[in-house]
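K.L.:
Below is a structure I'd like to ask you about.
The values are calculated or read from the model by the stated rules, or taken from the named source; none is laboratory data. Everything quoted here is computed from the prediction, not taken from an experiment. Quick reminder, even Gly has a Cβ in these numbers, built from the backbone with ideal geometry, and neighbours come from all protein chains shown.
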Amino acid sequence: MRRIHGPSASVCSAALALFAIVGAGHGRAATLEVSVTDEDGKPVGHVAVYVTAVNAAPAALRAPTAVMDQRDKQFAPHMLVVQTGTSVQFPNHDDVSHHVYSFSKAKPFELGLYKGQAYPPVVFDVPGTVVIGCNIHDGMLGYIKVVDTPYFALTNDEGVALVDGLPDAEYTLEVWTPRLRENALPAPQPLVVTAGQAQPIAVQLTGRLAPEHSHGKSSLSWDRY
């Protein structure tokens with residue numbers, strides 16, 4: 001397994017080497033397994049892993065709709081990864097009203113105080129990071145990572161993500177988590193997919209990770225929403 005370190009690691013330049021994923025059969029889509037750990041080697045869950053084809057036409061939407069629910073005064077899921085152009089619904093299944101909003105450059109929007117399914121879906125048409133809050137409950141915090149690719153996944157509690165359906169092409173592999181600042185994330189990594197069985201890849205996040213969000217209180221200042 002080839003290991004990728006974050007930008008602060010001494011071996012960062014070596015990690016930029018090209019990864020070849022060699023398959024057994026021609027024309028078969030590959031599944032890429034990516035494991036993400038912190039600098040102590042512990043798995044990190046809920047990290048977005050996405051793979052973008054190089055010099056390729058925009059891919060068709062894998063899933064044109066997605067849902068970020070509101071339950072128990074929390075956004076569910078806490079983090080959502082969607083392809084550019086996806087429409088996201090924000091139903092409120094709580095007994096109390098919520099006021100959903102974001103000031104993020106990629107998608108500023110506001111859904112005034114409501115319960116149930118009061119608003120049409122919001123289209124996320126610009127790649128980037130969208131931080132979601134509730135104007136009534138400061139402890140509610142969610143993230144939508146908008147990516148220009150249909151090939152993405154989140155790491156599970158064991159820090160493993162499976163990105164499937166990869167056809168033959170050259171790609172760029174990236175990871176993202178709100179627990180690291182943008183300049184502390186590992187650099188994008190080139191890779192080549194030929195088909196079939198994929199070679200597992202390990203990514204190590206270097207630097208101190210922020211604590212996971214506590215849903216009982218706000219962990220962001222207003223200017224970060």
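K.L.:
Restricting to segment 124-147, and then to whatever is at pLDDT 95 or above and not in a strand (DSSP E or B), can you tell me which residue is nearest to Thr65 (Cα to Cα)?
P.N.:
Result: Asp125.
K.L.:
Just to be sure, is Thr177 modelled with pLDDT of 95 or more and among the β-branched types (Val, Ile, Thr)?
P.N.:
Judged against the criteria, Thr177 is a match.
K.L.:
Then there's this: Look through Leu111, Leu173 and report the one residue that is crowded, with 18+ Cβ neighbours inside 10 Å and without any contact (Cβ under 8 Å) to a residue 40 or more places away in the chain.
P.N.:
Criteria check complete, one pass: Leu111.
K.L.:
Return the total of residues in segment 155-184 being in contact with a strand residue (DSSP E or B) (Cβ under 8 Å, 6 or more places away or on another chain), among the aliphatic types (A, V, I, L, M) and more than 12 Å from Tyr50 (Cβ to Cβ).
P.N.:
Selection size over segment 155-184: 3.
K.L.:
I've got another one for you. Tell me yes or no: at least one residue of segment 43-55 is assigned to a loop (DSSP other than H, G, I, E, B) and modelled with pLDDT under 95.
P.N.:
Yes.
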